[in-house]
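Reading through the structure tokens given below for one structure.
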Amino acid sequence: MKKDNQKTNSAKKSKILRRLIILIVLAAVFAVYVIYGNTAVTVSRYDISSEKIPPGFDGFRIVQISDLHNSRNEWMTESLISKTKEASPDIILLTGDMIDSYLPDVERAINVIERLNRIAPVYYVIGNHEARTGKSGTLIREMRKIGVGILFDSYAVIRVADDEMVIAGVNDPRRLNIDGSGNDARIVSESIGSMDYDRQMFTVMLSHRPELIRTYATKGVDLVFAGHAHGGLVRLPFIGGLFAPNQGFFPDYTAGKYSVADTTMIVSRGVGNSGYSFRINDNPELVVAELHAG
């Protein structure tokens, strides 16, 4: 009887040990999966065709980087720089939140931006994190020193041979709506309306906020690059992103290409994370968009 009890106890211990080992292995696999999913930069490519794109801009390549949030992962930063070089962009667009309001390291952000600016001309628009930190002025001054095009409710005309297109940027409404009590759509609509560029020209708009796509469409913007949604943080199969700021749960605009009327919008999943947030099934992203005339 004693031997039977010993065998039973031994079997129970072995079963518990096997379960413990399985749990440890599963936890290790999940940890590796999460680390990889938060640091391995993927490249998403888009082709944009329009009759408004002039022949000189056929094949013109745009790289978009969004929501860096002062990432401190050196491996990811090097991967981002390397993949940007490989894309051979004509311009690089930064669509906000290059610094994080919880960790506003301007020097670190400028170091990355300066390296990007050596690859291709860089244009920048502010995000909500810059808008709510006291260091945004320092960041902007340092960007101007290295030749970054700052687009604050303003635009520039890019020329290739005899052809031209407009690149514009709209301030994040948080900059004017500090307490969140105002109407973001109205603020952005007025900002776009204040720019006096030729509306007949093909227009690329930088804006941090994807949820305002209908506002961009009513203003006749051709192509918008946005970020802010972080891909929804957790991406579920057949459903998409789980949560995004200013959109809540099961948001409509988290990653990829969207269209409303004649306006196309590309939303980047971004690169970094803010605070203690992390991604699941939602790798950091570098966007590459190529324009095609006609």
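The values are calculated or read from the model by the stated rules, or taken from the named source; none is laboratory data. Given the structure is predicted, the values throughout are model-derived calculations rather than measurements. No Cβ is skipped: glycine too gets one built from the backbone with ideal geometry, and neighbour counts run over all protein chains shown. Areas reflect the complete protein model, heavy atoms only, side chains present, ligands, DNA and RNA absent. Shrake-Rupley method; radii C 1.70, N 1.55, O 1.52, S 1.80 Å.
Here are some notes:
- Considered as an equivalent ellipsoid built on the Cα gyration tensor, the chain has semi-axes of 43, 20, 19 Å, the largest given first.
- Proximity of backbone amide H atoms, modeled 1.01 Å from N, is registered between ASP100 and ASN70, ASP105 at under 5 Å, excluding neighbours fewer than 5 places apart on the same chain.
- Extended-chain gain in nm, criterion 0.36 nm per residue less alpha-carbon gap, HIS292 and THR218: 24.3 nm
- Over segment 85-199 - Rg/Rh using Cα atoms and the Kirkwood inverse-distance radius: 0.99
- Across the chain, C-alpha contacts under 8 Å between residues 6 or more apart give a mean separation that, scaled by the residue count, equals a relative contact order of 26 percent.
- Cα-based helix-to-principal-axis angle, 74-87 vs the chain, degrees rounded to 10: 50
- Entries of LYS135/LYS257; LYS83/LYS219; LYS52/LYS135; LYS52/LYS145; LYS52/LYS85; LYS145/LYS257 with Cα pairs more than 30 Å apart: LYS135/LYS257; LYS83/LYS219; LYS52/LYS135; LYS52/LYS145; LYS145/LYS257
- Heavy atoms of the protein chains alone define the surface here; on that basis segment 189-262 has 44 Å² accessible area per residue at 1.4 Å probe size.
- Using θ = phi - 60° and Karplus 6.51 cos²θ - 1.76 cosθ + 1.60, couplings along segment 145-155 (whole Hz; Gly, Pro as x): 4, 9, x, 6, x, 8, 10, 10, 6, 9, 8
- Equivalent ellipsoid dimensions for segment 137-294 as semi-axes, Å, which come from the Cα gyration tensor, largest first: 26, 19, 17
- Long-range tail of P(r) for segment 1-93 (Cα pairs > 19 Å, %): 66
- Taking the square roots of 5 times each eigenvalue of the Cα gyration tensor of segment 121-172, largest first, gives ellipsoid semi-axes of 25, 13, 6 Å.
- GLY270 long-range amide H proximity, modeled H, under 5 Å: SER66, GLU285
- Per residue, the average separation of C-alpha pairs within less than 8 Å and at least 6 apart gives segment 26-124 a relative contact order of 30 percent.
- Whole-number percent relative contact order across segment 165-262, with pairs defined as alpha carbons under 8 Å at least 6 apart: 23
- Diffusion constant of segment 204-265 at 37 °C, which comes from Stokes-Einstein with the Kirkwood Cα-pair radius and 0.692 mPa s, µm²/s: 281
- Stretching GLU78 away from ASN281 to a fully extended chain increases their span by 70.9 nm, per 0.36 nm per residue minus the current alpha-carbon distance.
- Relative to the current alpha-carbon distance between LEU103 and TYR197, full extension at 0.36 nm per residue lengthens the span by 30.2 nm.
- Taking label positions 7 Å along the Cα-Cβ direction at both ALA185 and PHE30, the computed distance is 4.0 nm, reported to one decimal.
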